[in-house]
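Since the structure comes first, as structure tokens, the remarks are kept for the end.
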Amino acid sequence: MQLIDVTNSYSRMIHRELIESPAHFIKVYTLGNSKVVYKKKHAFSQIVITNKLRPITNKEVDLVKEKLLKDKASQATVTRGEKAVEIVVDH
């Protein structure tokens, strides 16, 4: 599995989101056919992993936490939905 940065493909969406929300940093990645959106806000960071076709696996969650959160991965709170996962870590 590879986490691939596709932020440039979502530039309009990101620009609009940065204007309308308190987020000051947004990156979009693909992980196979899963989409990963990483947002940093002043008080916390949020990662949302979605897949329209199947549930998100534990292996995908662990990889995203390791690659994006690095040393803060152990502090993250993971909330699972049917085809989405939210990972939040406070600053």
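The values are calculated or read from the model by the stated rules, or taken from the named source; none is laboratory data. Keep in mind that this is a model prediction, so the values were computed, not measured. Note that each Cβ is placed from the backbone with ideal geometry, even for glycine, and that neighbours are counted across all protein chains shown. Note: accessible area is taken over every heavy atom of the protein model, side chains too, but ligands, DNA and RNA are not part of it. Shrake-Rupley method; radii C 1.70, N 1.55, O 1.52, S 1.80 Å.
Numerical summary
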{"item": "Residue ID - least open to solvent (accessible area, probe 1.4 Å), chosen from residues in segment 12-44 that are at pLDDT below 95 and small (Gly, Ala, Ser)", "result": "Ala23"}
{"item": "Any hit, segment 76-91, residues being touching a Phe, Trp or Tyr at 6+ places or on another chain (Cβ under 7 Å), in contact (Cβ under 8 Å) with a residue 24 or more places away in the chain and surrounded by fewer than 12 Cβ atoms within 10 Å (Cβ to Cβ)", "result": "yes"}
{"item": "Residues being acidic (Asp, Glu) and crowded, with 18+ Cβ neighbours inside 10 Å - total across segment 45-67", "result": "1"}
{"item": "Test result for Lys70, open to solvent by 40 Å² or more (accessible area, probe 1.4 Å) and touching a residue at least 12 places away in the same chain (Cβ under 8 Å)", "result": "no"}
